[in-house]
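The values are calculated or read from the model by the stated rules, or taken from the named source; none is laboratory data. Given the structure is predicted, the values throughout are model-derived calculations rather than measurements. FYI the Cβ positions are ideal-geometry reconstructions off the backbone, even for glycines, and counts take in every protein chain you see. Just the protein is used for accessible areas: all its heavy atoms, side chains included, with ligands, DNA and RNA removed. Shrake-Rupley method; radii C 1.70, N 1.55, O 1.52, S 1.80 Å.
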Amino acid sequence: MSLDLIRNKHSWFTKGVLIVIAVTFVLGIGYNLADWGAITHVPSQTAAEVNGEPISLISFNMYREGLKRQLNQEGGELPEQYATQIDGIALSQLINLKLMSQKARDLGFNVTDDDLSDAIHSDPAFQSEGRFVGKEQYEQIIRKYFNQDVGEFENAYRDEILARKLSNFIEETAVVTDDEIYNVFKKENDKVNLYYIAFPAEDFGDEYSPTEEEIAEYYENNKGQLKTPELREIRHIVLGAENFGQNLNVTDEEIASYYEAYSEEFLSEEGEPLPFEDVKGEIEANLKNGRGEALRQEFLASLENPEEEGKTIDSIAEEFSVTINESEPVSARESLNLVPPAVARQIFSMEKGRTTIIPVGTALWVTELKEVIPPREKTLEEAREDITAALKSEKSKELARSKANETLEKLKTVKSDRIKAEAEKLGLEVKETGYFSRVETIPDINVNELREEAFELDEGSGVSDKIHANRDKFYIVALKEKQDAKSEEFELKREELRELELAKQRSEIIRNWLQDMRRQAEIIPNSDLFPAQG
């Protein structure tokens, strides 16, 4: 039984557990350090403590890798927006799991030995040809593939079962009435199509240029806010897994021993053993990577305080024969183009001269803050471009709104079927949004407050009596036509809608429970994994 098969089949990574699916991606309770409390010291083999109970670093690493596989099942590159936050998402989910299991115990739920035994025996990770692999092989799988002793593994498994019991209990409180379902159906299927006339501020930008007096006055009134950004200059090196494994030696005897001990990992598609020479290189690389990762973890654990350990960026660069990269002074925004977000956040909360080591995926970013250049007030000439843009923006919005109001007065008495003709006389173009419902974004316009108001307009009555704005665009609107939801379609979709609404309500209930538990909990992440953010 291969490691990938075990990982892919184990319930923590593939089952539709509430904590994995509902919380982070449906409910949005994910990577948010503000929800975690103070980031202080916890034992080096602990990813976090939740109300005094540890989440092991082993569980965190396995969970993180499982999430990566879930997000990247096609085998391509993990999207950057996930890759940069995967550590936080994984830990947040494990925190939610721990909170749920703790709450379950508080409410009197428990996991009997029979519950645990039934769950383990039915888990595909511990089955071969549909049958439990047996106690001896089960324990070997735990030690070999999960790198845990059986007791530690089963305690974590009990937490998962407890959390599932509590989530099932909570979900049973969800109730949806026929009236609620019908209202949802109406919101999604009643539709309207609007006429609109747009007045973008950018169309009026050329009608105004600020005078020198206006620029000088704006500068005097706002120079306290017209500042250069704080700049920071750093030196950094990146230590990847290869830096720790490149000089390791693996003997032929060790490779052969591994091949003999785990021959079941090296089978052909027909189930026949692959020749030793065909897999020798793969075994050697895996052994080097494994030992390199162990050295990396050991190195990271030894660097809780690099200065006390006598480690500097120069000594680390010399130790691993790597080059130190030096940056020009950059702002917080510019730093995101230079280093990963976790590193960018850290360097703007560090003291000058300090070195920090930040895990980013499987690499370690060793970073020294070389120089801090504080903000200062810009001179008039330095601020001139910003001031001119600000004044032109303000004036163009004012002109656009004024033109919209002027046009509205001219069209107030015009019926909907005459709007196009009358607008053309004024040199204006009338467009249509196309049909949209109360739960959809209004095409082209995207004014949230108008979504509900549009359904209060009457056909043929003319334009709305107010100007609607979206940032620097202003709109006159009128109802062209309505399309009511069909009751016969509701009857066909009633039960499907009921299930969808029940799922939403259950998710909302779980969200509220978790938010309450987080507010009351003491959550302490490992500061080596999640450095304090400024």
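Here are some notes:
- Between Q520 and E277, the modelled labels are 6.8 nm apart [label points 7 Å from Cα along Cα→Cβ].
- For the chain: relative contact order, % (alpha-carbon pairs under 8 angstrom, 6 or more apart): 28
- The mean accessible area for residues of the chain, using a 1.4 Å probe and ignoring ligands and nucleic acids, is 54 Å² per residue.
- Under 5 Å between amide hydrogens, built in the peptide plane, is the criterion, and for V360 it picks out W365 among residues at least 5 positions away or on other chains.
- Karplus-derived 3J(HN,Hα), 6.51/-1.76/1.60, for each residue of segment 357-371, Hz, glycine and proline x: 10, 10, x, 10, x, 8, 9, 10, 9, 9, 10, 10, 7, 7, 8
- Legend: residues T173, T413, sorted from most to least accessible area (1.4 Å probe; ligands, DNA and RNA excluded), read T413, T173.
- Entry for Cα extents along the principal axes in Å (calculated from the structure that is shown) out of (1) 91, 68, 49; (2) 74, 54, 46; (3) 102, 69, 39: (1)
- Nonlocal amide H pairs with F474, under 5 Å, H built at 1.01 Å: F199, A201
- A 1.4 Å probe, protein heavy atoms only, puts the accessible area of V339 near 10 Å².
- Placing pseudo-labels 7 Å out from each Cα toward the beta carbon at R131 and E180 gives an inter-label distance of 4.8 nm.
- Positive-end ranking of V343, V50, V360 along the dipole of the chain, with charges on Cβ about the Cα centre, is headed by V50.
- Accessible surface ranking that places the most exposed of S128, S92, S507, S321 first, with a 1.4 angstrom probe: S321, S128, S507, S92
- Once the Cα atoms are used to define both axes, helix 252-261 deviates from the longest principal axis of the chain by about 80 degrees.
- Within segment 340-381: backbone nitrogen closer than 14 Å to the T312 label point (7 Å, Cα to C-beta): 353-356, 368-370
- With respect to the chain, whose longest principal axis is taken over its alpha-carbon atoms, helix 135-145 is tilted by about 60°.
- Accessible surface ranking that places the most exposed of R438, R232 first, with a 1.4 angstrom probe: R438, R232
- Length released on extending from E269 to S402, taking residue separation times 0.36 nm less the Cα-Cα span: 40.5 nm
- Cα-based shape type of segment 106-151, given that a ≥ b ≥ c are square roots of the gyration tensor eigenvalues and the cut on a/c is 1.5: oblate
- Using a simple spin-label model with pseudo-atoms 7 Å out from Cα toward Cβ, K223 and E429 lie 4.5 nm apart.
- Estimated FRET transfer efficiency (L338, T362; beta-carbon r; R0 30 Å; 0.05): 0.90
- Summary of the geometry: segment 146-217 and segment 432-452, compared by the centres of their Cα atoms, lie 17 Å apart.
- For the chain, a crude dipole built from +1 on the beta carbon of Lys and Arg and -1 on the beta carbon of Asp and Glu, taken about the Cα centre, is about 1520 debye to the nearest 20.
- Solvent-accessible surface (1.4 Å probe) assigned to W513 amounts to roughly 80 Å².
- Estimated 222 nm signal from helices in the chain, with DSSP H stretches of n ≥ 4 weighted -39500 (n - 2.57), rounded to 500: -15000 deg cm²/dmol
- Segment 292-431, dipole about Cα centre (Lys/Arg Cβ +1, Asp/Glu Cβ -1), debye to the nearest 20: 1700
- Two-site FRET efficiency, K504 against R105, from Cβ-Cβ distance with R₀ of 30 Å, rounded to 0.05: 0.60
- Extension gain (nm, one decimal) between D417 and R471, 0.36 nm per residue minus Cα-Cα: 16.6 nm
- Maximal additional length on extending the E319-A285 stretch stands at 10.0 nm, based on 0.36 nm per residue less the C-alpha distance.
- Taking Lys and Arg as +1 and Asp and Glu as -1, the other residues whose beta-carbon sits under 12 Å from that of E260 total -4.
- Note on F455 and S331: with the Förster distance fixed at 35 Å, the Cβ-Cβ geometry gives a FRET efficiency of about 0.15.
- Around the amide H of T46, modelled in the peptide plane, lie the amide H atoms of L57, all under 5 Å away and 5 or more residues distant in sequence or on another chain.
- Nearest-10 value in Å² for the accessible area of D314, using the 1.4 Å probe: 80
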